[in-house]
Each structure stands twice: as C-alpha cells, then as structure tokens.
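Working notes for the structure below.
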Amino acid sequence: MLKAVILIGGPQKGTRFRPLSFEVPKPLFPVAGVPMLQHHIEACSKLPNMKEILLIGFYQPNEEINRFLSCAQQDFKISIRYLQEYAALGTGGGIYHFRDQILSGSPEAFFVMNADVCSEFPLPEMLDFQKEHGDAYSFVILGTTANRKQSLNYGCIVENEQTDEVLHYVEKPSTFVSDIINCGIYLFTPEIFQHIGTVFQKNQQDMLLYYDEGEEQSNGWHRAEVIRLEQDIFTALAGQGKLYVYKTDRFWSQIKSAGSAIYASRLYLNQYHTTHPERLATNREGGPKTRGKCFMSERALYAGLLMHFFYFILGNVYIHPTANIDPTAVLGPNVSIGTGVTIGAGVRVRESIILHGATLQDHSCVLNSIVGWGSTIGKWARVEGTPSDPNPNDPYAKIDSETLFRDGKLTPSITILGCNVNIPSEVIILNSIVLPHKDLNRSFKNQIIL
C-alpha cells in the first residue's frame, strides 16, 4: 500500500506569483489547461497500490479547494484529503504533525512532493530504485543535473557514483558543491518519522533553554514543530547509508513565478503528445499553418460543448471546449486558452496563458503574457513580455527565479494582467505587471501598475 503527500504551502508563500495568486491559490493555477496540482495527482493515481493522496498546507479551506478536491476524487477514483496546518510548519514539520493520518492503514511507503514543481514524475522508477538500492529503511530523493552556477539556487547532493548513496547534502550553498540538485520529490518509508522526531525533540529542548535564559519564545523557527526536510533531515541523514538519490534526465522545473508557469505549460503541453493527445488542438494534414480543427475530450464532445471552430494552430495548444475563437485567429506555440475565453478576428497569441472569461478583441496581439480572469484587450492592442526561458544552448540550464527588481529597475519578464483588467484599443503594454481591476488609458513599459 502506498500514499502520497503534496505540500501546497499557504497564502504567505508564493508572493512571486502575485497578482495571480490573489484570485486563486497558487497550487490551483492552471498550467497547460489544468490546475497545477492535477499533474501531481494524476501521476500518483497511476500507481497501482496508491490508496490515498493527502494535501498539506495552511490555506484556509475555501470554495476553490473544496471544488477541486471533489472533482479530482471523482475523476481519479482515489481518496484525496486536505489537511490544514495551524501555521507554516516547514516541509518536515507538516508531515510530522499529520504523521498519524499518513500512517493510517500502514502504508509500506509514501511519496512527498512539493506542489510548485513541474515534472514527468518518474514515481514507478523511484519505487523500483528503492527496492534495488538500500533496504526497507532507506529513503530516496529525486535529483537532476543543473549547471554549476544555477546549482547554488537549489539543494545540492554529493553522491557515491557506484551506489547512488547521498554522502553530503547542502541546501543552497554559497559555493559550488555539486551539479546534482534536489527536485523536491521524495520517497519515504514510515521510519522517516523517527528521524524527524529526533529533530522535534531537540527543538523542544532548545525552546526550554530559551525559557531558562529568560528569552522570549519566537513564533518563527524556534517553534519546535517547524522542521525543514532539507536542512534538518537530509543534512543529518547524508553519509549514513539511509539516503539515496535517483537521478532523472526527464524534464523538471520549479514554478516559483508567473514566468515559470508559462515555461512549465510548454513542458506539459509537449508531454500531452504521449499522455493526453486529446487535450491538444490539432491540425489537418498539410503542415502547421493549414487550418486546424480543435479536438477535445470525448466528455466535452458528448456534452455538446465543443463547437467546430477552424483556426490556425502552430505547435502545442490547449483550448477549452467552451472557448469562442474566430476562424482567422492564429494560436501557438505554447498557448493555453481557458474556459469561456473569446478571441476575435485576426488575433495572434503565442507563448501565453489566457485565463477564464478573458476577451481578446479583433487584431490584438498577446506574446509571452498571462491574461487574467475576465480581462479585456482592445482592438489592435499589443500585450507583450520578455520570456524567462532557460538557456537553450545549455542542456542542464534551469529557469532562473528572477528578482522583481534589478539595479532599482523592474526586471524585464513576462507581462501579467490581473483579473478584470481593461486594455484600450491601439496601446502597447510591454514587460509590465497590472494589478486587478484596472482600466488603463495609455501604453506602459517596464512598470508595475498599481
């Protein structure tokens, strides 16, 4: 029996995802047409012995989360529950706090994964790897290779090349340690809680020491239950013959910012060719610029939601069956069109995510952007951002988590329109972030519009 735990964080996290996370919890933001979390759940549900998936975070239960859980349970025919932390307890503290729920039913092992990663999720391979390496008390980290410079932004793993044992682990080192990085996906056995419990007891003793010295208790890292898997557990387990790394050469990326969501969407859309070809809008024979017919899921066809629109499709494109698209629009590559979106004549969309209810009026152009829920782009307007893709000439390059400002200026990145933003006709919005409910009346470049 297996279980899976997905760490979804909370509203204080994911600040680099604003203003999009104002409207929907970051883990439910649509990537390649479906909520970010759905990719994790789908991968877990394919394992034959998977009995339950637990989401752990400190979001208040709300309508969006409850609706998602209900739909996911129906779609994947598996128990999915949300366990709310009373505060942010760290990657290790959350699973330790709910250890009784995780161990209920006596699972042989369980996966733990961060919600903000995009991956092919080689979970069956990790299970086989655990059986081949180590014993029933060993733990597995999914790792991948990064270049030397970018490795400093991740947890770095020094391995025994013969046995794949983790000999040394450093979280975000200041100097180069290893080009093997932590992917935020783990396979644990119940014995992991003994090691987390040791850290918990040490934290309790440290708290008593603070009290004895007359210091005030902190609400932050001094709280005994706040435990970080990376710094507190992996660092201690390294070199003890209990921790191993399974290295993957398949796609993997973090989703820390809105720009990385567009890159993750590209990776998932490309994967749909083998996993969900029905989600991709397809062309007729005659090359990528011939008029293509959008084929969606059988369920949508049966429900009669899909109208037979014809338009130009370039590359990988996801279109929700309720979208209304003019025949002369040109979409792709890497485009996701959400529910109820209206796209007018002559519109061009590339490398972008268009969210529920948005309207792109005739001859508008959207490049490297995210258009928020219910927003409108006027006729002949241009909304454009700067892609933040990894270096295409470096096979080990990862997407950089750019700071919002550099040298006192807004870092050029994708353009983000929050919900219910109105862009007038014949203006240009370039490399800008527009907060929700704004009616613009002129062009903007490299600005945050409050």
Exercise. Kindly give the semi-axes, whole Å and largest first, of the ellipsoid equivalent to the chain, taking each as the square root of 5 times a Cα gyration tensor eigenvalue.
Key: 40, 25, 21
Quiz prompt | the range 1-82, relative contact order [Cα under 8 Å, separation at least 6], % | solution = 39 percent
Practice problem: Report in % the part of the accessible area of the range 307-448 that belongs to carbon and sulfur, leaving out ligands and nucleic acids; probe 1.4 Å. | Solution: 52 percent
Exercise. Have a look at the DSSP beta bridges in the chain and tell me what percent are antiparallel, nearest 5.
Key: 30 percent
Quiz item: Using the Karplus equation 6.51 cos²θ - 1.76 cosθ + 1.60 (θ = phi - 60°), what ³J(HN,Hα) coupling, rounded to whole Hz, does each residue of the range 58-64 give in order, writing x for Gly and Pro?
Solution: 10, 6, 5, x, 9, 4, 4
Quiz item: Long-range amide H contacts for Ile448: which residues qualify at under 5 Å (H placed 1.01 Å from N, peptide plane, sequence gap of 5 or more or a different chain)?
Solution: Ile433
Practice problem: Pairs to check: Lys172/Lys247; Lys3/Lys77; Lys149/Lys202; Lys46/Lys172; Lys149/Lys445; Lys256/Lys379. Give those whose C-alpha atoms are more than 23 Å from each other in this structure. | Solution: Lys149/Lys202; Lys46/Lys172; Lys149/Lys445; Lys256/Lys379
Quiz item: Can you give the extra length, in nm with one decimal, that the chain gains between Met1 and Arg442 once fully stretched, where that is 0.36 nm per residue apart less the Cα-Cα distance?
Solution: 152.9 nm
Self-check item: Peptides ranked, highest mean first, by Cβ atoms within 10 Å: ranges 186-192, 122-128
Solution: 186-192, 122-128
Practice problem: Report, to the nearest 10°, how far helix 258-275 tilts away from the longest principal axis of the Cα atoms in the chain, using its own Cα long axis and a range of 0 to 90°. | Solution: 90 degrees
Quiz item: What percent does the relative contact order of the chain come to when contacts are Cα pairs within less than 8 Å and at least six residues apart?
Solution: 12 percent
Quiz prompt | Helix 192-212 vs. the chain, principal-axis angle (Cα, 0 to 90°, nearest 10) | solution = 80 degrees
Quiz item: Once amide H atoms are built 1.01 Å from N in the peptide plane, which residues 5 or more positions from Thr328, or in another chain, come under 5 Å H to H?
Solution: Gly346
Quiz item: Under the Karplus relation 6.51 cos²θ - 1.76 cosθ + 1.60, θ = phi - 60°, what is the ordered set of whole-Hz ³J(HN,Hα) values for the range 22-32, x standing for Gly and Pro?
Solution: 5, 9, 8, x, 3, x, 9, 5, x, 10, 6
Quiz prompt | Length-normalised contact order of the range 409-450 in % [C-alpha pairs under 8 Å, at least 6 apart] | solution = 41 percent
Quiz prompt | Ordering of 424-430, 90-96, 160-166, 226-232 by burial proxy (mean other Cβ atoms within 10 Å per residue, highest first) | solution = 90-96, 226-232, 424-430, 160-166
Practice problem: Starting with the highest mean, order 384-393, 2-11 by the number of other Cβ atoms within 10 Å, averaged over the residues of each peptide. | Solution: 2-11, 384-393
Quiz item: Helix 36-45 versus the longest principal axis of the chain: what is the Cα-based angle in degrees, 0 to 90, to the nearest 10?
Solution: 60 degrees
Quiz item: Amide H neighbours of Glu171 under 5 Å, counting only residues 5+ apart in sequence or on other chains, H built in-plane at 1.01 Å?
Solution: Cys156
Quiz item: What base-10 log of the normalised intensity I(q)/I(0) is obtained for the range 307-448 from the Debye formula, alpha carbons as equal point scatterers, at q = 0.14, 0.16, 0.21 Å⁻¹?
Solution: -0.63, -0.80, -1.24
Practice problem: Step through the residues of the range 245-254 one at a time and calculate ³J(HN,Hα) from phi using the Karplus curve (6.51 cos²θ - 1.76 cosθ + 1.60, θ = phi - 60°), rounding each to whole Hz and writing x for Gly and Pro. | Solution: 10, 9, 8, 10, 10, 7, 5, 7, 7, 7
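The values are calculated or read from the model by the stated rules, or taken from the named source; none is laboratory data. Note that the coordinates shown come from a computational prediction; the quantities given were computed from them, not determined experimentally. Positions of Cβ are generated from backbone atoms using ideal geometry, with glycine treated the same way; all protein chains shown enter the neighbour counts. Heavy atoms of the whole protein, side chains included, go into the accessibility calculation; ligands, DNA and RNA do not. Shrake-Rupley method; radii C 1.70, N 1.55, O 1.52, S 1.80 Å.
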